[in-house]
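Inspection log for the structure reproduced underneath, given as structure tokens.
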Amino acid sequence: MESSMSSDRQPDRPPTANPNTKLIHQLRQTLSSSIGVEDAPPPMIESVDQLHDDRDDDLIALRQRANIYHVPLFSAHRFGRAITATRRLARKVLKPILMFQVAYNGANARFAEILNGRVAQLRQEVDDLQALASDRADTIARLETELNDLKTQQKLQTRAIQKLIRNLNSE
């Protein structure tokens with residue numbers, strides 16, 4: 001059975017893209033021998049775009065699940081009334097803790113949304129600054145080219161003037 005599992009996976013060659021891959025591979029080998037897992041799956045490396053898409057989904061889920069106090073009390077179980085009564089009693093006993101947790105979850109959701117907005121603003125500022133830096137670099141390169149052209153023209157004019165002076169002096 002173990003051979004069929006290992007044949008489905010790719011060989012344990014660490015990818016060369018991540019500089020920490022060798023260290024991760026060594027840690028995985030060390031830990032897998034201590035927990036009895038021969039070939040642990042490689043870590044899932046997500047792209048930045050995938051993380052950006054997931055972040056929006058996570059914020060929606062965080063906002064929707066912030067209120068843990070108002071969960072349904074009904075039960076379709078055979079002892080549904082007893083379970084519902086027990087849940088109501090537990091809810092009354094735990095109400096202060098649950099209300100604190102609801103407030104905490106709501107604050108975390110709002111804070112995450114604020115941070116998400118700020119990150120978007122900072123990304124826009126970085127993009128604007130990169131565009132500005134690119135424009136400045138183009139302008140500097142153009143001015144340096146013009147300066148080199150002017151220096152070349154100055155040298156040619158200096159030589160021409162020196163030639164004229166020599167011609168006037170020789171006459």
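The values are calculated or read from the model by the stated rules, or taken from the named source; none is laboratory data. The structure displayed is predicted, hence computed values, not measured ones. Note: ideal-geometry Cβ built from the backbone for every residue, glycine included; neighbour counts use all protein chains shown. All accessible areas refer to the heavy atoms of the entire protein, side chains included, with ligands and DNA or RNA removed. Shrake-Rupley method; radii C 1.70, N 1.55, O 1.52, S 1.80 Å.
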Note to self: Among the residues of the stretch 142-159, are any touching a helix residue (DSSP H, G or I) at 6+ places or on another chain (Cβ under 9 Å) and polar (S, T, N, Q)?
What the structure shows: no
Checklist line | Selection from the stretch 71-91 of residues that are loosely packed, with under 10 Cβ neighbours inside 10 Å and at pLDDT 70 or above | finding: 78
Next item on the list: Inspect the stretch 56-70 for any residue being open to solvent by 90 Å² or more (accessible area, probe 1.4 Å) and either in contact with a Cys (Cβ under 9 Å, 6 or more places away or on another chain) or outside any helix (DSSP H, G or I) (or both) and give the result as yes or no.
Entry: yes
Note to self: Being hydroxyl-bearing (Ser, Thr, Tyr) and surrounded by 10 or more Cβ atoms within 10 Å (Cβ to Cβ) is the filter here; which residues of the stretch 152-171 pass it?
What the structure shows: 152, 158
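Among the candidates 124, 153, single out the residue that is over 30 Å from residue 66 (Cβ atoms) and assigned to a helix (DSSP H, G or I).
When all the criteria are applied, what remains is 153.
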Item checked: residue 108, sole failed condition from (1) exposed (fewer than 10 other Cβ atoms within 10 Å of the Cβ); (2) in contact with a Leu (Cβ under 9 Å, 6 or more places away or on another chain) -> (1)
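For every residue, the table says whether it meets (1) more than 27 Å from residue 57 (Cα to Cα); (2) surrounded by 10 or more Cβ atoms within 10 Å (Cβ to Cβ); (3) modelled with pLDDT under 85; (4) aromatic (Phe, Trp, Tyr).
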{"residue": "94", "(1), (2), (3), (4)": "yes, yes, yes, no"}
{"residue": "115", "(1), (2), (3), (4)": "no, yes, no, no"}
{"residue": "118", "(1), (2), (3), (4)": "no, yes, no, no"}
{"residue": "138", "(1), (2), (3), (4)": "yes, yes, no, no"}
{"residue": "150", "(1), (2), (3), (4)": "yes, yes, no, no"}
